[in-house]
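Asks: After the structure tokens below, expect a handful of questions from me.
The values are calculated or read from the model by the stated rules, or taken from the named source; none is laboratory data. If you're wondering where the values come from, they're calculated on a predicted model, not measured in any experiment. Cβ placement follows ideal geometry from the backbone for every residue including glycine, while neighbour counts extend to all protein chains displayed. These accessible areas exclude ligands, DNA and RNA; they are computed on the full protein's heavy atoms, side chains included. Shrake-Rupley method; radii C 1.70, N 1.55, O 1.52, S 1.80 Å.
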Amino acid sequence: MKEKAYFEKVNVKNETLLRNLLTKMPPYCKQFFIGIEPTTSSRTRIAYAYDLNCFFEYLHENNPECAKKDITEIPLTVLGNLAPMDIEEYLQYLKFYTHNGKEYTNDERGQMRKLACLRSFYNYFFRKEIIEKNPAALVKMPKQHEKNIVRLDGDEIAFLLDEAES
């Protein structure tokens, strides 16, 4: 039997991880991941799973209707009833939060990725006419501030080149 290529091993590992993450989310999330599978890489789906998990944990902690239920029991109707302002509050929350005693921060790039995930998630169910509105589409992407360009001085360039040679 021929050994699998590296990317095949990564895909199998990611698919196993995705299935594990899906057990912690509402059942309709599986439908979303099946729907995006043909157009996304396994790494994108894993990133989306982590981002959606974060979103559902936020809802569970901050939405009175969701707090009464286990995360796996949050109905899709709750998502359809959220307003753009609710998603903006989630993006604000992402800047700094604690979960299970660990602190997390997200800069503009992290917030943009999580919003892109939510847009894709909402868009999927909106296009399938399962939810009636798509509040994530109405939220503007956070502005990404340009990073300063760090330049090496002449001595640092010479040192770098010397190190590369040896």
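Asks: Could you check region 58-120 for helices (runs of 4 or more DSSP H) lying wholly inside it with 1 or more residues that are farther than 21 Å from Lys30 by Cα, within 18 Å of the chain's Cα centre (by Cα) and among the hydrophobic types (A, V, I, L, M, F, W, C)?
Replies: 84-94
Asks: Given the criteria within 18 Å of the chain's Cα centre (by Cα), part of a loop (DSSP other than H, G, I, E, B) and free of Cβ contacts under 8 Å to residues at least 60 places away in the same chain, does Lys133 qualify?
Replies: In short, no.
Asks: Show the residue pairs meeting these rules: Cβ distance below 9 Å; 6+ apart or different chains; first residue within region 85-102 and among the polar types (S, T, N, Q); second residue open to solvent by 50 Å² or more (accessible area, probe 1.4 Å) and at pLDDT below 95.
Replies: Sorted first by the residue in region 85-102, then by its partner, the pairs are Thr98/Tyr104.
Asks: Scan (1) on the phi > 0 side of the Ramachandran plot; (2) open to solvent by 90 Å² or more (accessible area, probe 1.4 Å) for the single condition Gly101 breaks and write down its number.
Replies: The number of the failed condition is (2).
Asks: Separate question: With the checklist (1) open to solvent by 90 Å² or more (accessible area, probe 1.4 Å); (2) without any contact (Cβ under 8 Å) to a residue 40 or more places away in the chain; (3) within 26 Å of Gln31 (Cα to Cα) in hand, flag the one item Leu138 doesn't pass.
Replies: (2)
Asks: Another question about this same structure. Specify the residue that is nearest to Tyr97 (Cα to Cα); the eligible residues are those in region 22-44 that are open to solvent by less than 20 Å² (accessible area, probe 1.4 Å) and part of a helix (DSSP H, G or I).
Replies: Cys29
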